[in-house]
1. Condition (residue is closer than 25 Å to G51 by Cβ, of a type in the set (D, E, K, R) and under 22 Å from the mean Cα position of the chain (by Cα)) applied to the range 127-139: is it met by at least one residue?
2. Given the condition of a type outside the set (F, W, Y), within 30 Å of R113 (Cβ to Cβ), surrounded by fewer than 17 Cβ atoms within 10 Å (Cβ to Cβ) and touching a strand residue (DSSP E or B) at 6+ places or on another chain (Cβ under 9 Å), answer yes or no: does some residue in the range 255-263 qualify?
3. Would you list the strands (runs of 3 or more DSSP E) that sit entirely within the range 137-215 and hold 1 or more residues that are in contact with a strand residue (DSSP E or B) (Cβ under 6 Å, 6 or more places away or on another chain), β-branched (V, I, T) and more than 26 Å from V255 (Cβ to Cβ)?
4. Tell me the helices (runs of 4 or more DSSP H) entirely within the range 1-104 that contain at least 2 residues that are among the acidic types (D, E) and surrounded by 13 or more Cβ atoms within 10 Å (Cβ to Cβ).
5. Among the residues of the range 177-214, count how many are more than 18 Å from the chain's Cα centre (by Cα) and under 26 Å from H30 (Cα atoms).
6. Evaluate the following for N285: is it among the polar types (S, T, N, Q), over 25 Å from V117 (Cα atoms), buried (at least 18 other Cβ atoms within 10 Å of the Cβ) and under 22 Å from the mean Cα position of the chain (by Cα)?
7. Quick check on L115: is it assigned by TED's automatic domain parsing to the domain that holds G215 and touching a helix residue (DSSP H, G or I) at 6+ places or on another chain (Cβ under 8 Å)?
8. Just give me the residues in the range 279-301 being of a type outside the set (G, A, S) and over 17 Å from I32 (Cα atoms), in sequence order.
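The values are calculated or read from the model by the stated rules, or taken from the named source; none is laboratory data. None of the values given here were measured: they were computed from a predicted structure. Note that we place each Cβ from the backbone using ideal geometry, even for glycine, and neighbour counts take in every protein chain shown.
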Amino acid sequence: MELIQQLKDNLPPIIPIKLRNEADYYGISHIIADELKLDRVPRSFAHWTHGWIYAEPITSSREINCWAKPKDVVLVATQKEVDLLNREGYSKAHAVGMPFLYTKNQTVQRYPRSLLVMPAHSGSQSSIEADEKAYIQKLLEIRSDFSELVACIHSSCVVNNYWIPSLEKAGIPWILGASVFDRNSLQKMRTIFQSFDYMTTNTIGSHIPYASYCGCKVSIYSYSRFTPASWERDPWYQKNPDLLWKQYEMCHEDVLAQRFPQFFKSPIDATTNQEWAKQVLGEENRRSPETIAKRLGWQRSDQIVGYLQHYFKTLWDGDRRQTLIKNLYSKIRSNPNYEGFELDLISGKSNEKSV
């Protein structure tokens with residue numbers, strides 16, 4: 001298959017990374033560092049929300065970022081999300097678009113009438129309850145509408161052995177999708193999306209605006225609704241069961257079909273929805289790599305303060321620690337050679353002055 005060979009030739013290699021925080025997920029911090037030609041990827045001291053928040057209306061900051069505290073820097077997709085965070089005391093929220101926007105456009109051939117299938121996937125603390133055989137049978141019924149049909153399987157499903165045996169039994173080729181631990185995940189997914197004419201799925205998720213943004217004709221076909229039981233081991237939902245039940249109610253097929261009628265159709269009838277995807281991903285808020293680096297706390301002064309906070313948080317009580325950090329940061333700011341503590345965002349090396 002020419003398409004499979006093109007993917008093999010053009011997809012970036014899998015490079016495992018150590019996750020220090022959310023800004024490292026799927027390799028986004030590496031993308032920014034590469035754009036700035038840095039020798040290394042600094043530790044980030046900010047949160048950057050991944051994924052499409054489709055369970056609207058959003059009524060709580062907990063729906064936007066799971067782990068951020070009001071004093072933290074939080075990067076989100078849209079100004080609407082910033083406004084909600086501000087109302088709940090998050091004064092350091094910034095709209096910069098979703099991380100996927102910072103991938104590079106690829107010059108790959110898009111194969112006419114090719115169909116990418118992205119079935120519901122599991123997670124490290126979640127399972128899937130979709131009827132694999134029934135879904136694959138539905139795919140086989142429409143296979144003749146397309147020149148090629150290839151499934152993209154999330155790394156967690158590969159680990160848990162979901163989908164693969166059923167796909168191989170049906171003679172449907174598959175490729176490995178995203179992994180939060182792969183530095184090239186986001187760029188890989190953009191290359192995949194730009195190689196296919198159509199993308200279909202049986203679930204709701206971020207892959208819908210991602211694929212739409214890349215020009216795929218996206219459909220939701222043979223929809224499969226998750227159940228709360230499939231997420232009962234997830235630590236976040238154990239702590240916030242109200243959000244789990246909100247997600248469940250908002251993921252009813254009738255509710256989604258009313259909100260997103262453009263996607264609920266047979267795959268061959270799908271259309272492009274790039275303008276919609278640009279709004280969802282927050283393209284108007286996309287910033288320069290230099291600005292993102294500053295928001296992530298990559299300046300030398302912020303690195304000093306960030307590391308001190310990181311290492312001291314278990315040594316002192318909160319009030320004493322905050323006073324110490326505040327005093328140190330004031331001294332750095334008041335130093336006449338303060339600019340000497342900045343990180344040179346072009347070379348990635350310290351430009352600290354000799355005093």
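1. no
2. Among the residues of the range 255-263, at least one is of a type outside the set (F, W, Y), within 30 Å of R113 (Cβ to Cβ), surrounded by fewer than 17 Cβ atoms within 10 Å (Cβ to Cβ) and touching a strand residue (DSSP E or B) at 6+ places or on another chain (Cβ under 9 Å), which makes the answer yes.
3. Output list reads 148-153, 174-176.
4. 28-35
5. Number of matching residues: 2.
6. Considered against the rule, which asks whether it is among the polar types (S, T, N, Q), over 25 Å from V117 (Cα atoms), buried (at least 18 other Cβ atoms within 10 Å of the Cβ) and under 22 Å from the mean Cα position of the chain (by Cα), N285 comes out as yes.
7. yes
8. Q279, V280, L281, E284
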